[in-house]
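*Asks:* The structure follows.
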Amino acid sequence: MAKKILKCEYTKHWNHFPIIQLQIEKIWQSVPVVDFLPLINKPFKKNLINDIKNNGMHFPIMVVKSNHKELLEAKEKFGEKISMLPFWHNDHNPQSKYEWGVWGGSQRVDVAKILGYTHIDSAVIPSIAKAISLQKTMREPFKKRYYQ
């Protein structure tokens, strides 16, 4: 299969964080996919698909390279709000493994898969907490379009 990249509008950095291209199949999506926004019951996935088809992706997704301990702490903190931990979570030596996890953009990763992309522009964020603190910044320009 040919490499097909969902690019963002930034080339090398977003908000001083480097942008890399990651293979979509190797990224763990930290939150489940949604068709509708739960609090306002507004269609989301269909609108996001159309938006990315017509306008591309503005911001890169935010990824953090996390180890076993960091993912366990996140699961303990967020519980059912985040997805099941990656398959290697129960390996004999999980401390030696790392996983690229999406902590801002899981829905865009899902849409990229639907649209046939193999890779996606990703901003490398140093910690899960930092990525979560930046989510509002990414959502702000799209507040009216998606969240109201």
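The values are calculated or read from the model by the stated rules, or taken from the named source; none is laboratory data. Note that the structure is predicted; figures quoted are calculated from it, not measured. Here Cβ is always computed from backbone atoms with ideal geometry, including for glycine, and neighbour counts include all displayed protein chains. The accessibility values were calculated without ligands, DNA or RNA, using every heavy atom of the protein model including side chains. Shrake-Rupley method; radii C 1.70, N 1.55, O 1.52, S 1.80 Å.
*Asks:* Using only the alpha-carbon atoms, what does the chain span along each of its principal axes? Please give whole angstrom values in decreasing order.
*Replies:* 45, 37, 31
*Asks:* Given the -39500 (n - 2.57) contribution per DSSP H run of 4+ residues, what per-residue ellipticity at 222 nm results for the chain, rounded to the nearest 500 deg cm²/dmol?
*Replies:* Result for the chain, helices only: -8500 deg cm²/dmol.
*Asks:* Efficiency by 1/(1 + (r/R0)^6): what FRET value for residue 50 and residue 78, r their Cβ-Cβ distance, R0 = 41 Å, to the nearest 0.05?
*Replies:* 0.90
*Asks:* Taking the Cα centre of the chain as the origin, how large is its charge dipole in debye, to the nearest 20, when only Lys and Arg (+1) and Asp and Glu (-1) carry charge on their Cβ atoms?
*Replies:* Details: 23 positive and 13 negative charges, 96 e Å.
Charge dipole, the chain, about its Cα centre: 460 debye, nearest 20.
*Asks:* With a probe of 1.4 Å, find how much accessible area the chain has per residue, and write the answer as a whole number in Å².
*Replies:* Heavy-atom SASA per residue in the chain reads 61 Å².
*Asks:* Quickly rank 117-127, 59-69, 2-12 as a protection proxy: mean count of other C-beta atoms within 10 Å, highest first.
*Replies:* Listed from highest to lowest mean packing, they are 59-69, 117-127, 2-12.
*Asks:* Let me ask another. For the chain, what is the percent of antiparallel DSSP beta bridges, rounded to the nearest 5?
*Replies:* Counting DSSP beta bridges with both partners in the chain, the antiparallel share is about 65 percent.
*Asks:* Here is a follow-up. Please compute the modelled spin-label separation between residue 15 and residue 137, points set 7 Å along Cα→Cβ, answer in nm with one decimal.
*Replies:* For residue 137 paired with residue 15, the spin-label model returns 0.4 nm.
*Asks:* Round to a whole number: what % of the accessible area of the chain belongs to carbon and sulfur, probe 1.4 Å?
*Replies:* Result for the chain: 54 percent of the exposed heavy-atom area is carbon or sulfur.
*Asks:* Rank 72, 60, 84 by how far each Cα sits towards the positive end of the charge dipole of segment 14-89 (+1 on Lys, Arg Cβ; -1 on Asp, Glu Cβ) and give me just the farthest.
*Replies:* Result: 60.
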